[in-house]
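First up is the structure itself, then whatever we jot down about it.
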Amino acid sequence: MKSYYGRQLVHAKANKVPENIISSAAFIGNVCQRCGQNVHGKLPNDHFYCRACLALGRVSSLDVLLSFPEPNHFDGNDILSWNGQLTQQQKVVSDELLETLSRQREHLVWAVTGAGKTEMLFPVIHQALSQQYRIAIVSPRVDVILELTPRLQQAFSQTDKVVLHGAQTEEYRYTPLVLATTHQMLRFKSAFDLLIVDEVDSFPYAGDQMLAHAVKNARKINSAVIYLSATPTKTLQQQVKRQSLTTSYLPLRFHQHLLPVLKTAIVGPWRKKLPLKFLRQIKQFSQTKRRFLIFVPKVSDLVSVYQNIKKDFPDMFGDHVYAGDPKRQEKVQNMRDQMIQYLVTTTILERGVTFPGIDVLILGADEKIFSENALVQIAGRVGRNKDRPTGLVKAYIQHTNFKVMAAQRQIRQMNKRGRRLGGRV
Amino acid sequence: MGCLGCGRQQTNNQLCHDCYRWQQKGKKLLNHTALYQYNDAMRQFMQQYKFNGDYDLRVIFNCVLSQKINILNADIIVPIPVSDHTMVTRGFNQTTGLIEGIQYEQLLKVSAGQKSHQSQFNRKIRMMRKQPFMLIEQVSLEGKEILLVDDVYTTGNTLYHAADLLYECGAKNVKSISLSR
Ligand SMILES: [Zn+2]
Ligand SMILES: [Zn+2]
């Protein structure tokens, strides 16, 4: 029974509903009540099923949804086994989060990449755990969750937690702490007293609508929601302006240094021949043993760019990686473990992944795939280390580009605010 | 090379173990045609289509399967039925989905109290089970060539039981086809 607390299950109408279980319609109008979308596949006899959330198991017009109340059966004796120090600015944000919890409101933390948001969350998570609250930390991106997990494991080593995502092997268990992709929230109903959505702006394709539904579905009526973002979407920014969402703003990184500026270089058609300026930069990296990422627009660019570099610099070890790469985790781990000096990558590594002390080059930064926010995120990969708080971020473009300029402006604006708080270059 | 009775891949052209047993039991062999091996890709397809219920996927093999059925040139096409319970939970018969657009006759139904999906039984139990089907109504199939259609062929149990009923109605010959085996 425990494993059903706070869960929402699909149940065939033809099968008997167990006693004392809340059952509700799977579709109202034509809208799927699990995911809030209206995208159908047809079945015989005028029945239909939801295509939008099919990956979580089918919901059809032959089904009802069952949900199970969340009784908060936790002991509340959780220990925060983290003894780092928050900076003064982090402490301010952290206190605002505690207030968010006690006032059960919705709150946005707008913090630059590398502001140390995970650490800022520890006090509010700890507070919620000691109140026997149930907590979910979710992100649209699985990488973000995978990166967060070991850090939460360290900080709350005594607390039982479960990690849920599409490719997970761990079986679901009833735990006070749930780490999951946003999608997985569709399997919960009124379950969480505190819901934290990390990298809220990175929701792909289906847009904010499904995310909003997932959050609304999974949180309790009386609950707190914290959104985290370095590059909030226009919708979120509007909510801030309308003051329907309170905000903490943190423009300074944890080491008190400003964000690295995004530099540009105009080059010729780089797909035909790698530009000299670019190769000169790589040469410098090979001499100084500096580790670096090269972002390219398309999966089809990966191999040719990688092989051209390898041809010119055969002694320098690197690799290439893309979203559907079967060896993706392994390659990223090799980069983390400093087994390789560089990775040629698509935008999948734009966020959530941290390699200390790297530089970043972006080929074709003017192409469509790199949005303004993606470029800001990519620039944010650099200078994450206290020992090397700055670094090089260079965008190679064929023409002056409005979007690249907008990204530069966004970084400059944050640095302006950061400087006011005493940030250094 | 494959088994003469069911097309199973093997190193010789003799009857495979299963077909040999059906013959020993006095059955007339079905001369089964299977379009594809039941490999990993097919398992994944079936998982998505049949068990996760993504009925839209029925179109993927519709064309090849229909063509093959037309070539076999039977008088009557009879799909293997699913139980009433499956129809109100899964919501579709995976086999009739696969052959949508082809003229078929639903002569058989699953007897009450029978579960039509038998994945939960192992091979041996499946071969020993008794007749899971019945005729929807009495018909005469005198002199007719019948083609039975199923989604997956495993031991032949399902199809041989279905064929028994059709022969009882006077069918001249019963052959069978499945998407995979
Ligand atoms: Zn849905
Ligand atoms: Zn055989």
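The values are calculated or read from the model by the stated rules, or taken from the named source; none is laboratory data. Just so it is clear, the model here is predicted, and its values are computed rather than measured. Note that we place each Cβ from the backbone using ideal geometry, even for glycine, and neighbour counts take in every protein chain shown. The area values use the complete protein model at the heavy-atom level, side chains included, leaving out ligands, DNA and RNA. Shrake-Rupley method; radii C 1.70, N 1.55, O 1.52, S 1.80 Å.
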Rounded to one decimal in nm, the spacing of the 7 Å Cα→Cβ label points at A:Asp75 and A:Val162 is 2.0
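For chain B, give the magnitude of the charge dipole about the Cα centre (Cβ charges: +1 Lys/Arg, -1 Asp/Glu; no others), in debye to the nearest 20. Working shown, then result.
Working: 21 positive and 15 negative charges, 161 e Å.
It comes to approximately 780 debye.
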Sorted by chain and number, the residues with a modelled amide H under 5 Å from that of A:Thr246, at a separation of 5 or more or across chains, are A:Glu106, A:Leu108
In this structure, the FRET efficiency calculated for A:Leu421 and A:Gln284 from their beta-carbon separation, with R0 = 51 Å, to the nearest 0.05, is 0.95
Measuring from its Cα centre, region A:288-425 shows a charge dipole (+1 at each Lys and Arg Cβ, -1 at each Asp and Glu Cβ) which, in debye to the nearest 20, is 820
Ratio for the protein assembly as shown, C-alpha Rg to 2.2 N^0.38 Å, reads 1.21
Checked against the positive end of the charge dipole of the protein assembly as shown (+1 on Cβ of Lys and Arg, -1 on Cβ of Asp and Glu, about the Cα centre), the farthest of B:Tyr36, A:Gly268, A:Ala155 is A:Gly268
Interchain or sequence-distant (5+) residues whose placed amide H lies within less than 5 Å of the amide H of B:Val174 are B:Ile146
Here the percent of antiparallel bridges among DSSP beta bridges lying wholly in region A:287-425, to the nearest 5, is 5
Chain A: antiparallel bridges as % of DSSP beta bridges, rounded to 5, reads 25
Each label sits 7 Å from Cα toward the beta-carbon; between B:Asn12 and B:Asp40 the label points are separated, in nm, by 3.2
Interface buried area A-B, accessible surface with 1.4 Å probe, both sides summed, nearest 100 Å², comes to 1100
Over chain B, the sum of -39500 (n - 2.57) across DSSP H runs of at least four, divided by residue number and rounded to 500 deg cm²/dmol, gives at 222 nm -8000 deg cm²/dmol
Counting only residues 5 or more apart in sequence or on a different chain, those whose built amide H sits under 5 Å from that of A:Leu258 are A:Arg424, A:Val425
Loop-resident trypsin sites (Lys or Arg not before Pro) in region A:150-210 with no more than 15 other Cβ atoms inside 10 Å, DSSP not H/G/I/E/B, are A:Arg173
Using alpha carbon centers only, region A:145-179 is separated from region B:55-98 by a whole-angstrom value of 43
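Among bridges DSSP assigns within region B:17-180, what percent are antiparallel (round to 5)?
Numbers: 4 of 18 bridges.
The antiparallel fraction comes to roughly 20 percent.
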A:Arg134 neighbourhood, Cβ < 15 Å, K/R = +1, D/E = -1, net charge +3
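For chain A, what is the charge dipole size about the Cα centre, in debye to the nearest 20, if Lys and Arg each add +1 at the Cβ and Asp and Glu each add -1 at the Cβ?
1520
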Too long for a 29 Å Cα-Cα cut-off, among A:Lys16/B:Lys109; A:Lys42/B:Lys144; B:Lys50/B:Lys172; B:Lys25/B:Lys175; A:Lys298/B:Lys50; A:Lys289/A:Lys368, are A:Lys42/B:Lys144; B:Lys50/B:Lys172; A:Lys298/B:Lys50; A:Lys289/A:Lys368
Per GNM of chain A with C-alpha springs under 10 angstrom, the most fluctuating residue out of A:Gly84, A:Gly36, A:Gly352 is A:Gly84
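Based on the Cβ-Cβ distance of B:Asn73 and A:Glu19, what FRET efficiency does E = 1/(1 + (r/R0)^6) give at R0 = 56 Å, to the nearest 0.05?
Working: r = 56 Å, r/R0 = 1.00.
Result of the calculation: an efficiency of 0.50.
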Once phi for every residue in region A:349-363 is put through the Karplus expression 6.51 cos²θ - 1.76 cosθ + 1.60 (θ = phi - 60°), the whole-Hz ³J(HN,Hα) values, with Gly and Pro written as x, are 8, 5, 8, x, 10, 10, 10, x, x, 8, 10, 9, 10, 10, 8
Log10 I(q)/I(0) at q = 0.10, 0.13, 0.17, 0.20 Å⁻¹ for region A:88-250, from Debye over equal alpha-carbon scatterers, is -0.31, -0.55, -1.00, -1.49
Taking Cα pairs closer than 8 Å and at least 6 residues apart, the relative contact order of chain A in percent is 16
With region A:14-166 reduced to its Cα atoms and the Debye formula applied, log10 I(q)/I(0) at q = 0.15 1/Å amounts to -0.97
Region B:1-87 accessible area per residue, 1.4 Å probe, protein heavy atoms, integer Å², reads 56
Among A:Val425, A:Met414, A:Ile21, the residue whose Cα sits farthest towards the positive end of the charge dipole of the protein assembly as shown (+1 at Cβ of Lys and Arg, -1 at Cβ of Asp and Glu, taken about the Cα centre) is A:Val425
Of the candidates B:Ile76, B:Met87, B:Pro132, the farthest towards the positive dipole end of region B:17-180 (Lys/Arg Cβ +1, Asp/Glu Cβ -1, centred on the Cα centre) is B:Pro132
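Please return the longest range in chain A lying between exposed loop sites, taking GluC sites (Glu not before Pro), DSSP loop only, at most 10 other beta-carbon atoms within 10 Å, and leaving the sites out.
Values: sites that count: A:Glu19, A:Glu170, A:Glu171.
Maximal segment without exposed cleavage sites: A:172-425.
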Cβ-Cβ cut-off under 10 Å around A:Ile358, Lys and Arg +1, Asp and Glu -1: the net charge is +4
Most packed first (mean Cβ within 10 Å per residue), the peptides B:94-102, A:59-67 order as A:59-67, B:94-102
The rounded separation in angstrom of the Cα centers of region A:251-272 and region A:105-139 is 29
Along region A:73-79, Karplus-curve 3J(HN,Hα) (6.51, -1.76, 1.60; θ = phi - 60°) to the nearest Hz, with x for Gly and Pro, reads 7, 10, 8, x, 8, 8, 10
Heavy-atom accessible area of chain A with neighbours in place, 1.4 angstrom probe: carbon+sulfur share in percent works out to 50
For the pair A:Asp315 and B:Gln48, the simple spin-label estimate (label points 7 Å beyond Cα toward Cβ) gives in nm 4.8
For chain B, cysteines with no other Cys Cβ under 4.7 Å from their own Cβ are listed as B:Cys6, B:Cys19, B:Cys63, B:Cys169
Calc'd 3J(HN,Hα), region A:158-167, phi into Karplus 6.51 cos²θ - 1.76 cosθ + 1.60 (θ = phi - 60°), Hz, glycine/Pro = x, comes to 8, 8, 6, 9, 10, 10, 10, 7, x, 9
Per its Cα gyration tensor (rounded if a/c is under 1.5, else prolate when a/b beats b/c, else oblate), region B:17-180 is best filed as rounded
Surrounding charge for A:Ser229, neighbours by C-beta under 9 angstrom, Lys/Arg +1, Asp/Glu -1, total -3
